[in-house]
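Please read the structure below before turning to the comments.
The values are calculated or read from the model by the stated rules, or taken from the named source; none is laboratory data. Only a predicted model underlies this, so the values are computations on that prediction, with no experimental measurement involved. Counting neighbours? That spans all protein chains shown, and the Cβs are built from the backbone with ideal geometry, glycine included. Ligands, DNA and RNA are excluded from the accessible area calculation, which covers all protein heavy atoms including side chains. Shrake-Rupley method; radii C 1.70, N 1.55, O 1.52, S 1.80 Å.
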Amino acid sequence: MIKLFITLYIMVLASFGLFIGSGVMLDYLGDKLIASSNIERDITQGTFNLLDQSIHGLNEGQTRDLIKEYQRKFGDEFGITDISQITLDKKQTVKLQTGEIVILDHSTHSDDSSDLVEMGTDEDIKNKNENEHEDEDAHNILYRKIPESDKAWRINLDIDSAVAINDQGVSTTIKGGQYAEGMLYLIQKKLSQVPLKQWPDVIKEIQMHFGLTLKLTNLDDIKKSLSNPAEQLVNLLEGKVINSTQGSNYTTFVQKINADILSKYPDNGSSANQNLAIQVGPIEIPWFIRNLPTLIILAFVLSIATALFLWLLPLWSNLQKIKKAAIEFGNGNYDTRIPTRKRSSIADVTTAFNSMAERTQDSIRSQKELTSAVSHELRTPVARMRFALEMLENTDDQKAKLRYSSDINDDIDELDQLLEELLSYARFDQSTTRLNVRMEKLSHWLTESMNKLMPLANDKNLNYQIIGIGANESASFEPRLLSRVLDNLVQNAIRYAQHNIEVTLCKDNDHYLLIVEDDGCGIQKQQRTKVFEAFSRLDASRDKATGGFGLGLAISDKIIKAHNGEIKIRESALGGARFEVYWPLKIQ
């Protein structure tokens, strides 16, 4: 049972470990899921197009200065690199050369940053490399080929998912990071090139290259969709990019139009235009990202349920086997047993059931044999009594009447003796027999018992000896019952011995040994176990004419078993049977 619960504890702890590990990995899993979706391409293809337009027609020095300007928004990893220096496989190379966006894992593709040297000073590149190694939250790197060039744009896309657990539940949103700031900077830079009245056309033109919706809005409309208006409105007024979550399915990036852009053209400066903002989105959060916390909790619940199922399945199966065996046994099929496996969680239960079934079957078998034997034993004296009564009624001879009356009394005495033997056998046939064990001096016990038996020997030699046991040595046993065993064995020896009977009491390792042997005809090996069966008589020389009912040795065997001992039969050196009675030095 302990093994069963240890297995359950391990399964539950493993499930908790999975849940805790999943919680720690929420952000990481969210980032990987974003990378596997189309969000990165949708949100960057328009940015790459604006970058291409911004350097069109510029010389190397102007391009270098513009890159440094953009790096203040996109981050130090932003730049232009030589395509030949990017670690790509064949498929990625083809995609890049055909103008598609290639997404690489930062952790495995951060060695090409040194190629930016042609677009920045040595000091700039040194600072960039140091920052790369210090950046513990690096994200995917995106590349796209610059048209009519052997170089490519390089952007660190620091867009990831954020999971929040609060009083309102579990929510998922997408954070823009430096990339969102750079993207909106490019859009505003594009808008700054024309007056306000042309901005809708510019937005429409930019929109053609973006996979996301772009629109001009104002702060009053934005306030309605802010999840934390007080803080986010302050950030907007400071010119920062904010995430405006719309429900749990969408998110948008919003930035207030820079005042310098509005003041660039006289017609732009009305007070109503001071609250203008550019909005990118809404961006639909993929189903598996916004439901990631729920899926993890569901996985945890399922893991617990699976652990309980796997734990209960073998237990349930074993209990079904016990149930089936109990029904079979109750229906009278006493040979029913439950297969036992040592590693089974209920091995002790099945062992106990099998042991109970074995004892019950033995008891039922014994009762059937006893009932059959008793009916046979009762039939003979009852028949004799009936015959004597009939003869008594039909005779007038006084001597004959006395003889028949004497025979009836003898049969009644025989029945009384048989009933007494049967009661004794039935009592010792119970497995719950309790012994009244006490400490007794062995020498004194044997001497007293043998003195009572000596007159029964008649003309036969009955001798006893004690070997290796001191006069005051005591042992634990029930003297009355052990005396009965000795009486049965000695009387049997007297009955079948020709001249000599020897009784010996000694020690045999951790047992006491009582030996009773005679010089009679002995007992054949194949019949030695049969003599301990109730009403057993082996041959004509040991039939009822010699006395007894065949219960003496059966009762003696049960008494010794109750003492945790055993009786063995061997061939005696005297020529007859040798009964050896063993019982432990200390009875538990």
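When nucleic acids and ligands are ignored and a 1.4 Å probe is applied, MET391 ends up with an accessible area of around 60 Å². Heavy-atom accessible area, probed at 1.4 angstrom with all protein chains present, ranks ARG343, ARG570, ARG154 as ARG343, ARG570, ARG154, highest first.
Accessible area per residue (1.4 Å probe, heavy atoms of protein chains only) ranks HIS139, HIS563, HIS499 as HIS499, HIS139, HIS563, with the largest value leading. Placing a pseudo-label 7 Å from each Cα along the Cα-to-Cβ vector at GLU571 and GLU238 gives an inter-label distance of 11.1 nm.
Is the shape of the range 327-439 rounded, prolate or oblate, going by the alpha carbon gyration tensor and its root eigenvalues a ≥ b ≥ c, with a/c under 1.5 for rounded and a/b larger than b/c for prolate? List each step's numbers first, then the result.
Working: a/c = 8.26, a/b = 2.75, b/c = 3.00.
Note, shape of the range 327-439 comes out oblate.
Do the alpha carbons of any pairs in LYS90/LYS145; LYS73/LYS223; LYS558/LYS586; LYS190/LYS256; LYS368/LYS530 sit beyond 21 Å of each other, and which pairs? Result: LYS73/LYS223 exceed 21 Å.
Here the accessible area is traced with a 1.4 Å probe on the protein chains. For the range 455-499, carbon and sulfur cover 42 percent of it.
Rolling a 1.4 Å probe over the protein heavy atoms gives the range 435-587 an accessible area of 47 Å² per residue. Accessible surface of LYS223, taken over heavy atoms with a 1.4 Å probe and every protein chain present, rounds to 90 Å².
Sort ASP201, ASP410, ASP487 by heavy-atom solvent-accessible area, probe 1.4 angstrom, most to least. Write down the numbers at each step before the final one.
On the way: ASP201 110, ASP410 85, ASP487 50 Å².
The ordering from most to least exposed comes out as ASP201, ASP410, ASP487.
The Cα atoms of the range 435-587 give a gyration tensor whose axes a ≥ b ≥ c have a/c of 1.5 or more with a/b greater than b/c, which makes the shape prolate.
With the whole protein complex present, TRP316 retains an accessible surface near 150 Å², based on a 1.4 Å probe.
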